[in-house]
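Just below is one structure, and these are the notes that go with it.
The values are calculated or read from the model by the stated rules, or taken from the named source; none is laboratory data. Computed from a predicted model, the values in this text were never measured in an experiment. So basically every Cβ, Gly included, is an ideal-geometry build from the backbone, and we count neighbours across all protein chains shown. Accessible surface is based on the protein model in full, side chains and every heavy atom, while ligands, DNA and RNA are left aside. Shrake-Rupley method; radii C 1.70, N 1.55, O 1.52, S 1.80 Å.
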Amino acid sequence: PTNSPHHSTMSIPADQQTTPIKKYQFVRRLKSRLARRRIRKEDEKILRAARDDATIQTEFDLPKTVKDALPDDAEKKNNDSRAIVVTECTGTFNMIGCNKAWENLCGYAECEIQGKDSSILQGPETNYDGLRDAVSRLFEGEQQATVVTTNYRKDGSRFKNLLTLGPLRDDNGKLTHFVAILKNIGDVKDAPKYH
């Protein structure tokens, strides 16, 4: 009955039509966003607790240059108790090197990480929003940014990481790289094998 008063000849534009696929994608994005928000809030709470805990070192002297972070002297580089990794400051922040403490914490050898980005340490419980915020603060000129996140070792085990990020500069003060100091503030039990 096309002459019915309840029948409309108007059609809904294709970009406004709701299909089961669009609903599914929306629900999936919403669940993902809520999960990221929950992870960020939990990690912010852990960061506050870590800063209040006198037994956990939360402030570090950050290296100022690549040579400070990764000295040519192998003994000096590998006797530093701080788990240090250096990344590029552009693109995907590929790693250029690390020290022995970082290798021991994360399970990767330096030769395995060179040219790779830090996603090898990330997984479902990583605080991506907190990491993005920390990197943004560095680009805005802050000298140091700290965030708590869950990282994944090469063997797939998880740990809560008190991550301190800072800029590395050349002799002229130009930003050349970023440095990250990782501090294990607790292993996460029952870790699913992610990698």
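Per the 1.4 Å probe, what fraction of the accessible area of region 101-172, in percent, lies on carbon and sulfur atoms?
Carbon and sulfur: 45 percent of the exposed surface of region 101-172.
7 Å from Cα along Cα→Cβ at both Ser136 and Glu42: what's the point-to-point distance in nm?
About 2.3 nm separates the two model spin labels.
Take the alpha-carbon centre of region 144-189, take the same for region 67-128, and report the distance between them in whole Å.
8
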